[in-house]
Amino acid sequence: MEEEVEEVLESVRPMLIQDGGNVELVGIDDGVVKLRLVGSCTSCSSSIMTLKMGIEKALKKAIPMVRCVEAVE
């Protein structure tokens, strides 16, 4: 499942990088994908929206086993 998650993250990274940010996969635990937002994403007021409405939505669509996404530091 980790490889599938990385593939989806690669598809959303260009949008994040364009704004000076990025995302790193920290781990997966029982369908919960743990991500670290880096760069400008760490201080962006829209980072939670990006995480939930952008990244989580893309992951759930591509990988039905994903239950949710959590941000970790």
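Structure data summary
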read-out	value
Packing-based ranking, highest mean first, of 3-15, 50-62 given that Cβ atoms within 10 Å are counted	50-62, 3-15
Karplus-derived HN-Hα couplings along segment 23-33 (A = 6.51, B = -1.76, C = 1.60, θ = phi - 60°), whole Hz, x at Gly and Pro	9, 10, 7, 8, x, 9, 9, 6, x, 9, 8
Label-point gap, in nm, between Glu24 and Met65 - each point 7 angstrom along Cα→Cβ	2.4 nm
DSSP bridge orientation in the chain - percent antiparallel, rounded to nearest 5	65 percent
Percent of Cα pairs exceeding the 19 Å cut-off, where the set is the chain	22 percent
Contour excess over end-to-end distance, with Cα ends at Met15 and Met53 and 0.36 nm allotted per residue	12.3 nm
Reachable aspartates and glutamates, given that their alpha-carbon falls under 13 Å from the alpha-carbon of Lys52 and they are not under 8 places away in the same chain	Glu70
Accessible area expressed per residue, the chain, with surrounding protein chains retained (probe 1.4 Å, Å²)	63 Å²
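The values are calculated or read from the model by the stated rules, or taken from the named source; none is laboratory data. What you see is a predicted model, and the numbers here were worked out from it, not measured in a lab. All Cβ positions, glycine included, derive from the backbone under ideal geometry; neighbour counts span all protein chains shown. Calculation scope for accessible area: heavy atoms of the full protein, side chains included, ligands and nucleic acids excluded. Shrake-Rupley method; radii C 1.70, N 1.55, O 1.52, S 1.80 Å.
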